[in-house]
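> There's a structure below that I have some questions on.
The values are calculated or read from the model by the stated rules, or taken from the named source; none is laboratory data. Remember, it's a predicted structure, so these values are computed and weren't measured experimentally. Don't worry about glycine lacking a Cβ; one is built from the backbone with ideal geometry, like all the others, and counts go over all protein chains shown. Heads up: the accessible areas ignore ligands, DNA and RNA and are worked out on the full protein's heavy atoms, side chains in. Shrake-Rupley method; radii C 1.70, N 1.55, O 1.52, S 1.80 Å.
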Amino acid sequence: MEDLINRIRFNVIQGRLDQEDEGLDGDMLGQPGVTELVEKAIEKKMNPKEVLLSGLTEGMQEVGRLYESGEYLIPDMLAAAECVGTAMDILEPHLLDSGVVSKGRFVIATVEGDLHDIGKNIVATMLKGAGYTVDDLGTGVSAVEIVETVRAKGAQYVGLSALLTTTMPYMKETIEMLEQAGVRNGVKILVGGAPTSEEFARKIGADAYCRDAFEAIEKLKSW
């Protein structure tokens with residue numbers, strides 16, 4: 001069983017979604033990838049929480065370390081995040097059946113006027129892997145839609161992403177609308193994206209600025 005967990009973790013680090021992927025060294029074609037290994041773990045009735053924490057989460061933590069050290073680039077991190085996202089789709093019903101409770105509901109979106117989604121997608125995947133229920137609203141999302149989703153879903157966390165300086169004001173607008181709707185005090189708001197900063201987050205009334213997905217997870221742990 002431990003060997004299977006180790007193989008899942010290793011293949012996350014390699015960014016191997018399935019047996020069609022060659023891996024970073026280009027010599028793993030035909031070997032089971034994350035999809036096949038997670039399905040095998042379910043067949044063997046392994047604890048889905050162990051698969052999540054020891055396989056997927058630990059794998060992404062190592063990917064984060066490699067990215068921080070400069071050994072991995074964004075495409076490497078994206079490949080690993082895709083593995084975790086697919087694995088979570090497979091694992092989620094089994095986690096629920098085994099009584100694993102979500103750490104909270106997280107609404108995430110790239111704000112109105114902005115269609116960039118790479119950073120947001122990585123954060124959303126990492127949040128799922130860390131045990132949060134995620135409602136990813138996509139890109140170019142209006143403040144109204146974000147607020148309505150927070151109210152309808154009873155979310156405790158909101159993540160706002162922007163890559164264009166021209167769309168940053170929509171982050172402030174979203175926070176103001178959350179206040180007007182009377183739900184601001186019930187949520188923690190995280191903002192991120194290339195033009196954002198700690199100073200900007202404070203200025204618009206957000207609870208935290210996160211430079212990447214790994215910092216977002218650390219901020220959530222600290223809360």
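> Quick one: which helices (runs of 4 or more DSSP H) sit completely within region 138-223 and have at least 1 residues that are under 22 Å from the mean Cα position of the chain (by Cα), surrounded by 16 or more Cβ atoms within 10 Å (Cβ to Cβ) and at pLDDT 95 or above?
Fully inside region 138-223 and qualifying: 143-153, 169-180, 198-204.
> Of Lys103, Lys40, which residue is basic (Lys, Arg) and over 19 Å from the mean Cα position of the chain (by Cα)? Write out each step before concluding.
Values: Lys103 fails: over 19 Å from the mean Cα position of the chain (by Cα).
Residue meeting the stated conditions: Lys40.
> While we're on this one: In region 30-51, which residues are open to solvent by 10 Å² or more (accessible area, probe 1.4 Å) and in contact (Cβ under 8 Å) with a residue 40 or more places away in the chain? It would help to see each step written out before you state the result.
So in region 30-51, the residues open to solvent by 10 Å² or more (accessible area, probe 1.4 Å) come out as 30-32, 35-36, 39-40, 42-50.
If the condition is that a residue be open to solvent by 10 Å² or more (accessible area, probe 1.4 Å) and in contact (Cβ under 8 Å) with a residue 40 or more places away in the chain, then Thr35, Glu39, Ile42, Lys44, Met46, Asn47, Pro48, Lys49, Glu50 are the ones that fit.
> What do you reckon, is Thr110 buried (at least 22 other Cβ atoms within 10 Å of the Cβ), modelled with pLDDT of 95 or more, in contact with a helix residue (DSSP H, G or I) (Cβ under 6 Å, 6 or more places away or on another chain) and in a strand (DSSP E or B)?
The answer is yes for Thr110.
> So, one more: Counting just the residues of region 68-78 that are surrounded by fewer than 20 Cβ atoms within 10 Å (Cβ to Cβ) and more than 12 Å from the chain's Cα centre (by Cα), which one comes out nearest to Gly15 (Cα to Cα)?
Asp76
> If we scan region 10-22, do we find a residue that is aromatic (Phe, Trp, Tyr), under 27 Å from Ile118 (Cβ atoms) and open to solvent by less than 50 Å² (accessible area, probe 1.4 Å)?
no
> Still on this model: Looking at (1) polar (S, T, N, Q); (2) open to solvent by less than 40 Å² (accessible area, probe 1.4 Å); (3) within 13 Å of the chain's Cα centre (by Cα), which one does Ser54 not meet, given that it meets all the others?
With (1) polar (S, T, N, Q); (2) open to solvent by less than 40 Å² (accessible area, probe 1.4 Å); (3) within 13 Å of the chain's Cα centre (by Cα) applied to Ser54, the lone miss is (3).
> Give region 146-163 a look and list any residue that's under 15 Å from Lys120 (Cβ atoms) and of a type outside the set (Val, Ile, Thr), or say none.
Tyr157, Gly159, Leu160, Ser161, Ala162, Leu163
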